[in-house]
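Read the structure below first, then the notes.
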């Protein structure tokens with residue numbers, strides 16, 4: 001596997017800026033759900049959201065539960081969602097009457113998260129909100145509410161901090177931009 005520095009165009013969000021904003025989000029969520037009575041479920045969309053989830057939950061000071069879902073809408077080698085959303089792993093918790101906060105790494109077209117919201121609403125949670133680390137507003141095609149937003153980013157292909165390139169480079173502590181002229185899948 002190639003060294004990411006060969007195709008890193010720029011560091012869009014450095015580790016310090018990421019962690020500072022995540023701490024702010026954690027404090028905001030803690031305030032907003034202070035009266036939840038332990039009914040808050042952080043629902044992470046795998047795999048990209050897991051790094052964000054781990055850091056975010058460390059800053060949430062109220063009792064909460066965790067659960068996970070896996071959704072596929074890209075496929076290996078794809079750079080944009082094809083709009084065909086598949087549930088590959090369902091959550092294991094009954095969310096009826098619970099406060100559910102979906103934790104997502106990035107929202108671009110919005111189709112994936114819109115499908116997740118539609119599915120989860122049928123399960124009758126008390127509340128259902130979205131927390132997204134990254135928001136590609138200019139790519140939005142589906143109208144989705146984002147209640148907690150880390151950063152609005154330009155329409156660039158990004159990686160690192162949970163976001164992958166063909167399943168690699170999720171471990172990087174920053175959000176980087178791929179120079180697509182220099183990156184070729186192996």
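With a point put 7 Å past each Cα toward its Cβ, work out how far residue 61 is from residue 126 in nm, to one decimal.
Label at residue 61, label at residue 126, 2.1 nm between them.
Between the alpha-carbon centers of segment 19-47 and segment 90-119, tell me the distance in whole angstrom.
Cα centres, segment 19-47 to segment 90-119: 14 Å.
Taking the 0 to 90 degree range and rounding to the nearest ten, how far is the long axis of helix 15-32 tilted relative to the main principal axis of the chain, both from C-alpha atoms?
20
Please report, in Å, the Rg and the Dmax of the chain, where both are computed over Cα atoms only.
16.3, 51
Ordered by packing density, taken as the mean number of other Cβ atoms within 10 Å over each peptide's residues, highest first, how do 170-180, 124-134, 17-27 rank?
Numbers: 170-180: 17.6, 124-134: 20.3, 17-27: 16.0.
Ranked by mean Cβ neighbours within 10 Å, highest first: 124-134, 170-180, 17-27.
Give the calculated FRET efficiency between residue 14 and residue 89 to the nearest 0.05, with a Förster radius of 30 Å applied to their Cβ-Cβ distance. Display every interim value, and only then the final one.
Numbers: r = 32 Å, r/R0 = 1.06.
My answer for the efficiency is 0.40.
Please give, to one decimal in nm, the separation of the simple spin-label points placed at residue 181 and residue 30, each 7 Å out from Cα toward the Cβ.
Distance between label points: 4.6 nm.
Can you bin segment 1-49 into rounded, prolate or oblate? Criterion: square roots of the alpha carbon gyration tensor eigenvalues sorted a ≥ b ≥ c, rounded for a/c under 1.5, prolate for a/b above b/c, oblate for the rest.
oblate
Normalised by the residues of the chain, what does the relative contact order come to in percent, with Cα pairs under 8 Å and at least six apart?
25
Using helices alone, what [θ] at 222 nm do you get for the chain, with -39,500 (n - 2.57) per DSSP H run of 4 or more residues, divided over all residues and rounded to the nearest 500?
-6500 deg cm²/dmol, from helical runs alone.
For the chain, give the share of DSSP beta bridges that are antiparallel, in percent and rounded to the nearest 5; count only bridges with both residues there. Could you put the intermediate results ahead of the total?
Working: 11 of 34 bridges.
The answer is about 30 percent antiparallel.
Read-outs throughout are calculated quantities, based only on the coordinates presented, and are distinct from any laboratory measurement. The model shown is predicted, which means the values in this text are computed figures rather than measured ones. Note that each Cβ is placed from the backbone with ideal geometry, even for glycine, and that neighbours are counted across all protein chains shown.
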